[in-house]
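Chemist: Here's a structure for you.
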Amino acid sequence: MELQGKRIVLGVSGGIAAYKAAELLRLLIKDGATVQVAMTEAATHFVTPVTFQALSGQPVFIDQWDARMANNMAHIDLSRHADVLLVAPASADFLAKVANGLADDLLSTLVLARDCPLLLAPAMNRQMWENPATRRNVATLRADGIAIVGPASGEQACGETGLGRMLEPEEILAELIAHFQPKVLAGKRVLLTAGPTFEAIDPVRGITNLSSGKMGYAIARAAREAGAQVTLVSGPVDLPAPPGVERIAVTSARQMHAAVHRQIAAHAENAADLDVFIAVAAVADYRPATFIAQKIKKAAQAAPPMIELRQNPDILGEVAALPKPPLCVGFAAESENLAAYAENKRRRKGIPLIVGNLIHDGFGGDRNTLILFDDDGQHPLAPDSKLRLARQLVARIATLLEKRR
Ligand code: PMT
């Protein structure tokens, strides 16, 4: 229930993506929000107001002259108690109106008269999105401090393919939830590792572990919500990249190591040093010394094959030892003696913050229990979802960054 207690005005303008606004409304309600829908007349040609009324449990407003408001001022009253005004889909015509301050129907008037933040989720044909007039309008809207979420690229209702599809309802929901998070990492650059690594023995076998990637992906999402530019180097997991996060997929520890160093070098080249490195991945400490190109056969009566192991590079240790390291955060998953082992790892790797979790809490599930260890001592976080814990961790990282200045 990420949106519990939030009051949202959902504006729906005319476009085929209006049918997805019904699903978006359902998700908003499910997440605890109270939603008031306002539609343009054009939108009613795609979906009837009855659908939105049934899903929101509130009357839907379309007409500027709607007499249901006692003072006949729906355009003022509807946004007065709202936490955010979200227009999805926002058609090319609607963007143009808002960019130019036009107010010729209820929704555009409501936008102009609002006293809350505005989020627009554009949806249009790719040529309309690329048209110089739309580009100008979008630039104006951004300059006016209006958040534009999407569009995505892909197949369009008209049969063409390109940029202009409205984000999926789940993605818009994630953007909205992010909107309400404090921007404690605004402008910061964050690099993470997450998931397991897979160290191949032969073409079909390998050494890996039970990390699902959920903890690392939750932290990537929380850092992005907090306003950071986030890159996630991920081992093989079955999770979608969090919205707005750049994901680099790797398999082995050595690939993860190389990807992390490439990222650090690229940041340095652009004179935009990395601010934070968070190593959440459960990296295999060892890999088979040789990769056997053919599938190993079980030979009758022969002794089982021996696998010789080599040590993998310590990614976190190396980053922490750089001459000008980012703020380095490590993780420790232990089966016992969490405090002693975690603190020992923190000192050995020379990092300011390590996050301890017990293996039976940490691996695989949606919830976790964390203890943060830094120079100020231990900070236990109560059991919670990985996302909510990730947000608390991000807040602690922001405090440590502030202290480093
Ligand atoms: O993915 P989930 O299912 O959500 O599970 C999350 C998790 C349990 C994997 C995660 O919360 C966690 O604890 N990750 C670290 C696991 C661990 O104990 O790693 P370690 O003790 O091997 O390494 C300590 C630290 O050094 C870690 O930050 C690790 O990423 C880093 N490391 C380790 C080895 C190596 N070669 N390079 C590294 O960077």
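Chemist: Which condition number does ARG224 fail, the rest of (1) within 15 Å of the ligand (Cβ to nearest atom); (2) part of a helix (DSSP H, G or I); (3) touching a Pro at 6+ places or on another chain (Cβ under 8 Å) being met?
Modeler: Only one criterion is unmet by ARG224, namely (1).
Chemist: Just give me the residues in segment 69-81 being under 18 Å from THR40 (Cβ atoms) and touching a strand residue (DSSP E or B) at 6+ places or on another chain (Cβ under 6 Å), in sequence order.
Modeler: Passing the criteria: ALA74, LEU78, SER79.
Chemist: Considering only residues that are more than 7 Å from the ligand (Cβ to nearest atom) and either buried (at least 24 other Cβ atoms within 10 Å of the Cβ) or closer than 13 Å to GLY235 by Cβ (or both), which ones fall in segment 201-217?
Modeler: Selection gives GLY206, ILE207, THR208, ASN209, TYR217.
Chemist: Here's a follow-up. Select from segment 316-344 the residues that are in contact with a strand residue (DSSP E or B) (Cβ under 6 Å, 6 or more places away or on another chain) and either at pLDDT below 95 or in a helix (DSSP H, G or I) (or both) and write down the one among them that is farthest from the ligand (Cβ to nearest atom).
Modeler: GLU343
Chemist: A further question follows. Would you confirm, using the coordinates I've provided, whether LEU358 is within 12 Å of the ligand (Cβ to nearest atom), in contact with a Lys or Arg (Cβ under 6 Å, 6 or more places away or on another chain) and in contact (Cβ under 8 Å) with a residue 12 or more places away in the chain?
Modeler: Here the answer is no, as LEU358 does not meet what is asked.
Chemist: Given ARG346, ARG287, which one is buried (at least 22 other Cβ atoms within 10 Å of the Cβ), in the same structural domain as GLN255 (by TED's automatic domain parsing), of a type in the set (D, E, K, R) and in contact with a helix residue (DSSP H, G or I) (Cβ under 7 Å, 6 or more places away or on another chain)?
Modeler: Every option except ARG287 fails the conditions.
Chemist: Something else: May I ask you to list pairs of residues, at least six apart or on different chains, whose Cβ atoms are under 6 Å apart, with the first in segment 192-213 being farther than 13 Å from THR251 by Cα and charged (D, E, K, R) and the second being more than 7 Å from the ligand (Cβ to nearest atom) and in a loop (DSSP other than H, G, I, E, B)?
Modeler: ASP202/ILE292; ASP202/LYS295; ASP202/ILE296
Chemist: Restricting attention to segment 357-375, does a residue exist that is in a strand (DSSP E or B), loosely packed, with under 15 Cβ neighbours inside 10 Å and either assigned by TED's automatic domain parsing to the domain that holds ASN209 or among the aromatic types (Phe, Trp, Tyr) (or both)?
Modeler: Taking every residue of segment 357-375 in turn, at least one turns out to be in a strand (DSSP E or B), loosely packed, with under 15 Cβ neighbours inside 10 Å and either assigned by TED's automatic domain parsing to the domain that holds ASN209 or among the aromatic types (Phe, Trp, Tyr) (or both).
Chemist: Mind listing whichever residues of segment 153-185 are loosely packed, with under 13 Cβ neighbours inside 10 Å and among the polar types (S, T, N, Q)?
Modeler: THR161 - this is the single residue of segment 153-185 that is loosely packed, with under 13 Cβ neighbours inside 10 Å and among the polar types (S, T, N, Q).
Chemist: Can you say whether ASP83 is of a type outside the set (Gly, Ala, Ser), assigned by TED's automatic domain parsing to the domain that holds SER13, under 19 Å from ILE146 (Cβ atoms) and at pLDDT below 95, as far as the supplied structure shows?
Modeler: no
Chemist: What are the pairs with Cβ atoms under 8 angstrom where one residue, in segment 262-284, is closer than 30 Å to ASN357 by Cβ and part of a loop (DSSP other than H, G, I, E, B) and the other, located anywhere, is acidic (Asp, Glu) and within 13 Å of the ligand (Cβ to nearest atom)? Sequence gap at least six, or different chains.
Modeler: From segment 262-284, the pairs are ALA284/GLU199.
Chemist: Among the residues of segment 51-104, which ones are closer than 15 Å to SER13 by Cβ, without any contact (Cβ under 8 Å) to a residue 40 or more places away in the chain and among the small types (Gly, Ala, Ser)?
Modeler: ALA103 - this is the single residue of segment 51-104 that is closer than 15 Å to SER13 by Cβ, without any contact (Cβ under 8 Å) to a residue 40 or more places away in the chain and among the small types (Gly, Ala, Ser).
The values are calculated or read from the model by the stated rules, or taken from the named source; none is laboratory data. The structure presented is a predicted model; accordingly, all values stated were derived computationally and were not measured. Heads up, the Cβs are rebuilt from the backbone with ideal geometry, glycines too, and the neighbour counts pull from every protein chain shown.
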